[in-house]
Amino acid sequence: MAGQMLPPIALVAVAICITAAAAAKVPAIYVFGDSTADVGNNNYLTGAAVPRANFPHNGIDFPTSRPTGRFSNGYNGVDFLALNMGFRRSPPPFLAVANKTSNPLFRGLQGTNFASAGSGILDSTGQSIIPMSKQVQQFAAVQRNISARISQQAADTVLSRSLFLISTGGNDIFAFFSANSTPSSAEMQRFVANLVSLYTNHVKDLYVLGARKFAVIDVPPIGCCPYPRSLHPLGACIDVLNELARGLNKGVKDAMHGLSVSFSGFKHSIGSSHAVVQSIMKHPQRLGFKEVTTACCGSGKFNGESGCTPNATLCDNRHDYLFWDLLHPTHATSKIAAAAIYNGSLRFAAPINFRQLVDDQH
């Protein structure tokens, strides 16, 4: 109700939330997506099929050189974006805090990371992981918890100012390609249209739960990762994968624009990891890179035939590499990508950059 006074406990909770995030530019970050954003949720899942990174050489450049479940030698893009927003790094994985009741009042109030490696927009993508639909359900539980503790009105205020970060879609494309490596144009268009429709539904569900600021990371030119290159007879990029990525990115861009027109208070920015990776591949030396085709850690052709395990080949000069492993960027790449997306021009983030989205207080 308009003008309704918040109960004292709610005022205390909101005050603590805002004070705790005093250095931060938003009250909280809520993260959804795949291995480009996962900071350890998959560590808590059971099953041999679960993609994991909680072992060396992953994390070799993370503070105290520990593997956390990030598919990186150090931080991932979400960590660097969070740093730009005044946080120490990504919020904790949902499954790490889901069962901790020591501080239930403020749990989730400064953000949660729901991302799960191997997941996608489709429920059918990935095995034994947390699909996007389930990640949204997990956020709904956090939202209910916050609302129950600090009142619906206070929760609405906090969530409307918080950032909802989404980085997904690559695994859906890989799954489609592995089932049909020579799809027709019509098949590709149908597949992309379905993906965009489901993506839009996930975003609408988050909006209904109180999200207003959406920060989307698009899909990079995944056909140029070391793994696809290792499949190509000439070691070139796989064009079908890149074409699907471009199609999905355009569809999501158009859909987000449509939502911003239709939904009151809906704000968004699309950060283009696609444009960043293309820039690095085109002018590596300009940005401090020397190796843009082979992974730092892995085995086989381009170090792209298997993942970064304790027995894998490991490069010495990790900051010279675009790719950490068969599919993921290095700490150095993620740092540059986050800077471009947060502060950059329309080429790297549109219709506004992430900093402008964060600073928008209306």
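The values are calculated or read from the model by the stated rules, or taken from the named source; none is laboratory data. Note that the structure is predicted; figures quoted are calculated from it, not measured. So basically every Cβ, Gly included, is an ideal-geometry build from the backbone, and we count neighbours across all protein chains shown. The area values use the complete protein model at the heavy-atom level, side chains included, leaving out ligands, DNA and RNA. Shrake-Rupley method; radii C 1.70, N 1.55, O 1.52, S 1.80 Å.
Scanning segment 95-125 for residues that are open to solvent by less than 10 Å² (accessible area, probe 1.4 Å), in a loop (DSSP other than H, G, I, E, B) and at pLDDT 90 or above returns 114, 115, 116, 117, 119, 120, 121, 125.
Of the listed requirements (1) surrounded by fewer than 18 Cβ atoms within 10 Å (Cβ to Cβ); (2) part of a loop (DSSP other than H, G, I, E, B); (3) at pLDDT 95 or above, residue 75 misses just one: (1). Of all residues in segment 260-300, those being closer than 17 Å to residue 77 by Cβ and among the polar types (S, T, N, Q) number 5.
Could you list, in sequence order, all residues of segment 207-242 that are part of a helix (DSSP H, G or I), touching a residue at least 12 places away in the same chain (Cβ under 8 Å) and open to solvent by 20 Å² or more (accessible area, probe 1.4 Å)? Within segment 207-242, 207, 227, 229, 239, 240 qualify. Within segment 307-320, is even one residue open to solvent by 40 Å² or more (accessible area, probe 1.4 Å) and small (Gly, Ala, Ser)? For segment 307-320, residues open to solvent by 40 Å² or more (accessible area, probe 1.4 Å) and small (Gly, Ala, Ser): absent. Screening segment 190-205 for residues that are buried (at least 22 other Cβ atoms within 10 Å of the Cβ) and in contact (Cβ under 8 Å) with a residue 60 or more places away in the chain and picking the one that is farthest from residue 138 (Cα to Cα) gives 195. Would you call residue 212 basic (Lys, Arg), closer than 27 Å to residue 138 by Cα and in contact with a helix residue (DSSP H, G or I) (Cβ under 9 Å, 6 or more places away or on another chain)? So residue 212 passes the test. Within the bounds of segment 285-298, is there any residue that is surrounded by 15 or more Cβ atoms within 10 Å (Cβ to Cβ) and at positive phi? Within segment 285-298 (the criterion being surrounded by 15 or more Cβ atoms within 10 Å (Cβ to Cβ) and at positive phi), the answer is yes, since at least one residue qualifies.
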